[in-house]
Amino acid sequence: MNHTAPKVTVVGSLNVDLVCRAMRRPDKGETLIGDAFDIFTGGKGFNQATAAARLGADVTLIGSVGADLFGDMLLAATENEHIDSRFVTKRTNVGTGVATIVIEPDGDNSIIVVPRANMALTTANIDAAADCIADADVLLLQLETPIAVSEHAAAIAKKHDTRVILNPAPAQPLPDSLLGYVDILTPNQSETELLSEMKVSNHEEARRAAKVLRARMVDTADAAVVLTLGEQGALMLTATTSEHISALSVEPVDTTGAGDAFCGALATALANGETLRSAVAFANAAGAAAVTVMGATPSMPTRTKIDRLSNFQY
Ligand code: RIB
């Protein structure tokens, strides 16, 4: 791999986020009057690709949108963010993915994602972009596109020494055949509980569950679980170490996309040759920066924003 900028290839979703701000989530059968409405670009794949691109990575996104206004909006956004979208396929038989999001005053959210075109992504689409996976430093995956397709991409990555990061969101059970290709897994607390079938209510329980997950991943000394714990930071577990890295303290406006900023930053730092510890600290700062801004994609931070927030020495 003889390229200068770190190269990150993302296989993932592109959504348009329909965001309502309200005093609280509606109860069953209730109609609530909200305070504000916005339309943002989003989708875990697009958000993570944007974070990596804003932080200096050379990013290729492999995904699928509909031939509609939302699809055009997302393709224009990939261009604005300098993301290579040659492998974002436009489908005529299904609409672009959407997410409806409610944000409460403390910044907490509830999300319904309707994947639509994201689920139409195929292994043939991955094969068409195989060179971009082979040539990347890091392949970054989430779970808003078909699992079999992610697994196919991860298998290509593994043949070419490309590091595989899987952000297992939204939470769902995963086959060992996919986890067996994963170098770095980045679950949050509830995803860890679902995948390990263990309760995670303190750092010791988190460590134990992370160990169970790590045993299902690629069998190398470098395989690591980076368990994100929101405002408590992240727990990093490798073959030989386990370390808790604290989060920066910020006033939350909207937590949507914080995990995506974390994963995009982690991928960029690792692709740049940083140590896992330094990459996790940087990703923590990126996640903290993201919660201070409304909207998922708009909150993906630049390097300047992260430095300003943390005086981080990278
Ligand atoms: O992680 C946040 C993202 O989840 C949103 O942008 C929404 O589209 C869903 O994919």
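Read the figures in this text as sums done on the coordinates, not as results from a lab. Quick caveat: nothing in here was measured; it's all calculated off a predicted structure. Backbone-built Cβ (ideal geometry, glycine too); neighbour counts: all protein chains shown.
Quick notes on this structure:
- Packing, as the average of other Cβ atoms within 10 Å across residues, places the peptides 235-246, 131-142 in the order 131-142, 235-246, highest first.
- With both residues required to sit in the chain, DSSP beta bridges show an antiparallel share near 40%.
- Rounded if a/c under 1.5, otherwise prolate or oblate - region 118-173, Cα gyration tensor axes: oblate
- Distance between the C-alpha centres of region 200-215 and region 235-304: 20 Å, rounded to the whole angstrom.
- Relative packing of peptides 70-77, 58-65, 296-303 - highest average C-beta neighbours within 10 Å first: 58-65, 296-303, 70-77
- For region 117-209, the relative contact order works out to 23 percent when only alpha carbon pairs closer than 8 Å and six or more residues apart are counted.
- Given their separation in residues at 0.36 nm each and the Cα-Cα distance between them, Glu204 and Arg25 gain 61.2 nm when the chain is fully extended.
- Neighbour net charge for Leu166 - beta-carbon separation under 15 angstrom, K R +1, D E -1: -2
- Cα shape, the chain, gyration tensor, a/c 1.5 rule: rounded
- Karplus 3J(HN,Hα) series, Hz, for region 96-112 with 6.51 cos²θ - 1.76 cosθ + 1.60 (x for Gly, Pro): 5, x, 10, 9, 9, 10, 10, 10, 8, x, 7, x, 6, 9, 10, 9, 10
- Charge tally around Val291: other residues with Cβ under 9 Å, Lys/Arg +1 each, Asp/Glu -1 each, net -3.
- Mean sequence separation of contacting Cα pairs (under 8 Å, at least six apart), scaled by the length of region 263-314, corresponds to a relative contact order of 29 percent.
- The local environment of Met73, defined by Cβ-Cβ distances under 12 Å, has a net charge of -4 under the rule Lys, Arg +1 and Asp, Glu -1.
- Each of Ile112 and Arg277 was given a label point 7 Å from its Cα along the Cα-to-Cβ line. The distance between the two points is 4.6 nm.
- Helix-only [θ]222 nm of the chain, DSSP H runs n ≥ 4, -39500 (n - 2.57) each, per residue, nearest 500: -10000 deg cm²/dmol
- Listed by chain and number, the lysines placed with their C-alpha closer than 22 angstrom to that of Lys305 are Lys7, Lys44; residues fewer than eight positions away on the same chain are left out.
- On full extension, the segment bounded by Ser249 and Leu194 gains 17.0 nm, given 0.36 nm per residue less the C-alpha separation.
- Scaling the Cα radius of gyration of region 1-122 by the globular reference 2.2 N^0.38 Å produces a ratio of 1.18.
- Computed over the chain, relative contact order equals 18 percent, with contacts defined as Cα pairs under 8 Å that lie 6+ residues apart.
- Report note on the peptides 196-203, 111-118: ranked by the mean count of other C-beta atoms within 10 Å, highest first, their order is 111-118, 196-203.
- Region 9-43 and region 53-110 have Cα centres lying 15 Å from one another.
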